[in-house]
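What follows is a set of notes on a single structure, which appears directly below.
The values are calculated or read from the model by the stated rules, or taken from the named source; none is laboratory data. Note that this is a predicted model, so its numbers are computed, not measured. Ideal geometry is used to build each Cβ from the backbone, glycine not excepted, and the neighbour counts take in all protein chains shown. When the accessible area is computed, the model is the full protein with side chains, heavy atoms only, and any ligands, DNA or RNA have been set aside. Shrake-Rupley method; radii C 1.70, N 1.55, O 1.52, S 1.80 Å.
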Amino acid sequence: MTLVELTEEFARNVSAQTDAIWNGDARTGNKHARRYVAAFKKLRDHGDAGRDALAVLLDHPRMDVRVKAAIYLLSERPTQALPVLEEAAKSTGMIPFEASQVLKYWREGTWSVAVD
């Protein structure tokens, strides 16, 4: 897969996970989570080029995709990721709550993405 295809795979599965959760289908949501984590790992393996590809999603039309990309970029690219999380956290709902929790842990110095 190309970097663009991996980025699209990430976005597609973040969106699908969110939609599954809203429909009360955790099993399908988990399937999509595994897929976007796998896409992230492949992007990460490409170093800066992979992070550049993922950073394109910081401007995605869907908040869930923007926030998830920011979460995965936060440790390596805080100047790009923090504004996305801060903007999302101003709203209410599941995705803004996730953004606010990440910001809380980031400010406490306890933030890390655990994907191996």
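Using a cut-off of 13 Å between beta-carbons, work out the net charge of the residues near residue 17 (Lys and Arg +1, Asp and Glu -1, residue 17 not included).
Details: positive: 12, 27, 31, 34, 35, 62, 68; negative: 9, 19, 25, 64, 98.
Net charge around residue 17: +2.
For residue 41, go through the lysines and keep the ones whose alpha-carbon is under 17 Å away, minus same-chain ones fewer than eight residues off.
31, 68
For region 73-116, which chymotrypsin sites (Phe, Trp or Tyr not before Pro) pass both filters: DSSP loop (anything but H, G, I, E, B) and at most 12 other C-beta atoms within 10 Å? Mind dumping the intermediate values first?
Working: sites: 97, 105, 106, 111; in loops: 111.
Listed in order of number, the matching sites amount to none.
Which order do the peptides 52-64, 24-36 come out in when sorted by mean C-beta neighbours inside 10 angstrom, highest first? Each step should come with its number before you reach the end.
Numbers: 52-64: 17.4, 24-36: 14.8.
Those peptides, ordered most packed to least, come out 52-64, 24-36.
Positive end of the charge dipole of the chain (Lys, Arg +1 and Asp, Glu -1 on Cβ, about the Cα centre): tell me which of 49, 88, 21 has its Cα farthest that way.
Among 49, 88, 21, the one farthest towards the positive end of the dipole of the chain is 21.
Averaged per residue, what accessible surface does region 4-70 expose to a 1.4 Å probe, in Å²?
52
Looking only at Cα atoms, what is the convex hull volume of region 22-116 per residue, in Å³? The partial results should precede the final answer.
Values: hull volume 10.0 nm³, N = 95.
In region 22-116, the Cα convex hull volume per residue is 105 Å³.
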